[in-house]
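Heads up, the thing below is written out as structure tokens.
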Amino acid sequence: MLLIEDDDQIIASLSKVLKQTGHVVATAERATVGLGKVVDDGPDVVVLDLGLPDIDGLDVIKMIRGYGNTPVIVATARDDDDTIVKALDSGADDYVVKPFSGLQLDARIRALLRRERSGAQPVVQVGDLRVDIQAHEVTLDGTSIELRPKEFELLALLASRAGEVVSRRTIAREVWDDPLSSSDTTIDVHLSALRRRLGETAAAPRYLRVIRGVGVKLAPPDEG
Ligand code: CA
């Protein structure tokens, strides 16, 4: 996630909590820098302070929208309806009114990403693998595959971001709802179970690529 905020104390306190809750946190103290990071880094969500020194927050929202679909949560000290309505009309997905806690922000981010995923692509096709997220159905080469609930959640998460590397922390947070205690071992056990069901192994991966120290990616077998 990317935090665009010019108040050092807010940056420090929010970064701390958000890192603890499993987010990879990037920060920018100016809108111009933040917009550059939106383009270069493709954050999963942007938390945007409306009162920035260089560009008006409402214009920043429009610029992010002009670029793509990155979800935006507006953090505003201005709790008047007018500002919030304008922010939402400009394309913000949600808002928090200062002062707010890092835990509240984490909950908003998770809710937003859940909505994104459930609304975006109910059926994901990756090579010959078809994942119907809403119907909880997985087929490979047209053959139905039975998965345990956590295996399905893991596959659904990876499928919803097919082609992208999903970090272990994100997996722990999204699948186990517990970024602080879900161990790598738990994730590895479920990954190998998932591999067995997809007919592949760690030594000969097809759909599931583990990028050491980074995370896991679901991609068609012929793509690197
Ligand atoms: Ca500010």
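Nothing in this text is a laboratory measurement; each read-out follows from the coordinates by a stated rule. Here the structure is a predicted model, which is why all the values come from computation and not from measurement. Neighbour counts run over all protein chains shown; Cβ positions are idealised from the backbone, glycine included.
Couple of notes before you dig in:
- Spread of Cα-to-Cα distances over 5 Å intervals beginning at zero, given as percent, for the range 123-223: 2, 13, 26, 29, 19, 8, 2, 0
- Only DSSP H runs of four or more residues enter the estimate; each adds -39500 (n - 2.57), and after division by the residues of the chain the mean residue ellipticity at 222 nm equals -13500 deg cm²/dmol.
- Computed over the range 80-224, relative contact order equals 19 percent, with contacts defined as Cα pairs under 8 Å that lie 6+ residues apart.
- Packing around the peptides 80-90, 159-169, 129-139, taken as the average count of other Cβ atoms within 10 Å per residue, puts them in this order, highest first: 159-169, 129-139, 80-90.
- Positive-end residue of 100, 185, 133, charge dipole of the chain with Cβ unit charges: 185
- Label zone at residue 55 (point 7 Å along Cα-to-Cβ), backbone N below 19 Å, the range 61-78: 61-76
- R0 of 22 Å, Cβ-Cβ distance residue 202-residue 41: FRET efficiency to nearest 0.05: 0.15
- Over all Cα atoms in the chain, the spread is summed up by Rg and Dmax: 18.9, 57 Å.
- Using distinct alpha-carbon pairs, which all enter the 1/r mean, Kirkwood radius of the range 2-118 in Å: 13.9
- Label point distance in nm, residue 97-residue 13, each placed 7 Å from Cα along Cα→Cβ: 1.7
- Kyte-Doolittle at least 0.5, axis length at least 30 Å by Cα - qualifying DSSP helices, the chain: none
- If only the Cβ of Lys and Arg carry +1 and only the Cβ of Asp and Glu carry -1, the dipole of the chain around its Cα centre is close to 840 debye.
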